Amino acid sequence: MSLEAGDKAPDFSLIADNGKPFKLSSKAKSKVMLVFFPGDGMPICKKQFLDYKAEADAFKKQGVEIIGISGNDIKTTKTFKKDHDLPFVMLCDEKGEVAEQYNAFGWFGVKRAVYLLDKNLEILYRHIEPVSIYARTSEELHAVIERKS
C-alpha cells in the first residue's frame, strides 16, 4: 500500500542514537520531518544532513523537527551524528521494517525519502527519490513547509 498526503502515517518505535526507544506518536509534539536515508557516512547522506544542520534554526522556526532514519546499526549512527555534530534525533532501522511501511525500502536497502507529518501524524507531504544520488535540499523543504502550513 502506498502512503499519500492526507493518509495517517504508520506509528513506529525504533532505537535512537542515545540508545533509547523512540516511539513516533509519543514524541511528535509539532510537525515532524522523517528523513529516510541509505547510510550513515555516505557522501550524499553527509551532504544532505550538513545542509539540514545549517538550516536547523530555520526548520525550528517553521515548527518542524527533523528525524533521520537509516538502516545502520546504533554504533554507526552514533558515530555519524557525533562526527558531524548533528542536532537531530537519528534512528536505527536495521531491518528496514519502518522504511518498508513508508515505501522507502528497495533492493539495496533504505531509500532516500522525506515525509512531513503534522502532530497528529497526518502526512502533509512525501517525496521518495527515484535514485538515491539525489536529495531534497533545505531550500526545497522550507518551501514545502510554507505551502503546507
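The values are calculated or read from the model by the stated rules, or taken from the named source; none is laboratory data. Computed from a predicted structure; not experimentally measured. Reconstructed Cβ throughout: ideal geometry from the backbone, glycine too, with neighbour counts over all protein chains shown.
Structure notes:
- Count of the range 53-100 residues which are assigned to a loop (DSSP other than H, G, I, E, B), surrounded by 14 or more Cβ atoms within 10 Å (Cβ to Cβ) and charged (D, E, K, R): 3
- Residue ID - surrounded by the most Cβ atoms within 10 Å (Cβ to Cβ), chosen from residues in the range 101-116 that are in contact with a strand residue (DSSP E or B) (Cβ under 7 Å, 6 or more places away or on another chain) and not β-branched (Val, Ile, Thr): Ala104
- For Gly96: the one exception among (1) without any contact (Cβ under 8 Å) to a residue 60 or more places away in the chain; (2) on the phi < 0 side of the Ramachandran plot: (2)
- If you go through the range 1-42 and pick out every residue that is within 20 Å of Leu141 (Cβ to Cβ) and loosely packed, with under 12 Cβ neighbours inside 10 Å, you end up with 3.
- Matching residues, the range 31-60, being more than 23 Å from Asn103 (Cβ to Cβ) and either among the aliphatic types (A, V, I, L, M) or touching an Asp or Glu at 6+ places or on another chain (Cβ under 6 Å) (or both): Leu50, Ala54, Ala56, Ala58
- Just one of the listed residues (Val98, Val110, Val35) is modelled with pLDDT under 95, aliphatic (A, V, I, L, M) and under 21 Å from Ser2 (Cα atoms), and it is Val110.
- Of all residues making up the range 61-71, the number that are of a type in the set (S, T, N, Q) and farther than 10 Å from Leu91 by Cβ: 1
- Here is the figure for the range 1-44: residues that are assigned to a loop (DSSP other than H, G, I, E, B), of a type in the set (Phe, Trp, Tyr) and in contact with a Leu (Cβ under 8 Å, 6 or more places away or on another chain) total 1.
- Pair list, Cβ under 9 Å, 6 or more apart: the range 1-21 residue in contact (Cβ under 8 Å) with a residue 40 or more places away in the chain and on the phi > 0 side of the Ramachandran plot, other residue aliphatic (A, V, I, L, M) and not in a loop (DSSP other than H, G, I, E, B): Gly6/Ile123; Gly6/Leu124; Gly19/Ile74
- Residue that is modelled with the lowest pLDDT, among those in the range 129-143 that are closer than 20 Å to Ser2 by Cα and surrounded by fewer than 18 Cβ atoms within 10 Å (Cβ to Cβ): Val131
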